[in-house]
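The values are calculated or read from the model by the stated rules, or taken from the named source; none is laboratory data. Only a predicted model underlies this, so the values are computations on that prediction, with no experimental measurement involved. As a convention, Cβ positions derive from the backbone with ideal geometry for all residues, glycine included, and neighbour counts pool all protein chains shown. Each accessible area value is taken on the protein alone, full model and side chains, heavy atoms only, with ligands, DNA and RNA left out. Shrake-Rupley method; radii C 1.70, N 1.55, O 1.52, S 1.80 Å.
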Amino acid sequence: VGAGTPTLTSDSSIILSAVDRINVARGPINQSSFTTTERDALSSVNGDMIYNSSTNKFQGYANGSWVDLH
């Protein structure tokens, strides 16, 4: 609670874990945005999602490759 924008920063992963769900009570979720070149430089795992600013599409990493989400 308070003014400003809280920031979580890590040199590796940040894990959120809940028994029932993780609930965003208010406001949109702003997805990470990468060009195709930046996306391809990531160490991706199945389940990753990004916004591809080169193609203007949301993409997910599934079965070892990036696919457009419809």
Output yes when any residue across segment 58-68 is touching a strand residue (DSSP E or B) at 6+ places or on another chain (Cβ under 7 Å), part of a strand (DSSP E or B), open to solvent by 100 Å² or more (accessible area, probe 1.4 Å) and at pLDDT 95 or above, and no when none is.
yes
Which condition breaks for residue 2 when tested against (1) open to solvent by 60 Å² or more (accessible area, probe 1.4 Å); (2) on the phi < 0 side of the Ramachandran plot?
(2)
Residue count, segment 27-45 (criterion: among the polar types (S, T, N, Q) and either touching a Gly at 6+ places or on another chain (Cβ under 7 Å) or exposed (fewer than 10 other Cβ atoms within 10 Å of the Cβ) (or both))
3
Do we find a residue being touching a strand residue (DSSP E or B) at 6+ places or on another chain (Cβ under 8 Å) and modelled with pLDDT of 95 or more anywhere in segment 17-32?
no
If residue 22 satisfies all but one of (1) of a type in the set (A, V, I, L, M); (2) surrounded by 11 or more Cβ atoms within 10 Å (Cβ to Cβ); (3) not in a strand (DSSP E or B), what's the number of the condition it fails?
(2)
